Amino acid sequence: NALYKLRVRTLNHAAWRPIIGAVAGVGNVITLTVTGHGYLTGATVWVESLHGVTNNGTIVRGNYIITVVDANTISLDGTIFSGTY
């Protein structure tokens, strides 16, 4: 009559959200327009490509912790905007 507990962890397979624009935000942080994103500050998001925008000369691809600016805008913490979107 043993009692067993099992915890299953899976990856969050959230839908891709289109990036409408990328600009230099406050402090020159990469700031993205993502219409109706629904994220909370502190979330980790995957960015695949920003076509012309780099993080201080390095390609923007990977996981980034975000700060929510508003319902349609997020910034990628610890980044430095360079290039042109």
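Any residue at all in the stretch 8-21 that is at pLDDT below 95, outside any loop (DSSP other than H, G, I, E, B) and crowded, with 18+ Cβ neighbours inside 10 Å? Scanning the stretch 8-21 turns up no residue that is at pLDDT below 95, outside any loop (DSSP other than H, G, I, E, B) and crowded, with 18+ Cβ neighbours inside 10 Å. The residue that is modelled with the lowest pLDDT, counting only those in the stretch 33-85 that are outside any strand (DSSP E or B) and polar (S, T, N, Q), is SER49.
Within the stretch 58-85, work out how many residues are open to solvent by less than 60 Å² (accessible area, probe 1.4 Å) and more than 19 Å from TRP16 (Cα to Cα).
Qualifying residue count, the stretch 58-85: 4.
Among the residues making up the stretch 32-56, those that are over 18 Å from TRP16 (Cβ atoms) and open to solvent by 60 Å² or more (accessible area, probe 1.4 Å) are LEU40, THR41, ASN56.
The values are calculated or read from the model by the stated rules, or taken from the named source; none is laboratory data. Here the structure is a predicted model, which means the values were calculated and not measured. Here Cβ is always computed from backbone atoms with ideal geometry, including for glycine, and neighbour counts include all displayed protein chains. These area figures cover heavy atoms from the full protein model, side chains too; ligands, DNA and RNA do not enter into them. Shrake-Rupley method; radii C 1.70, N 1.55, O 1.52, S 1.80 Å.
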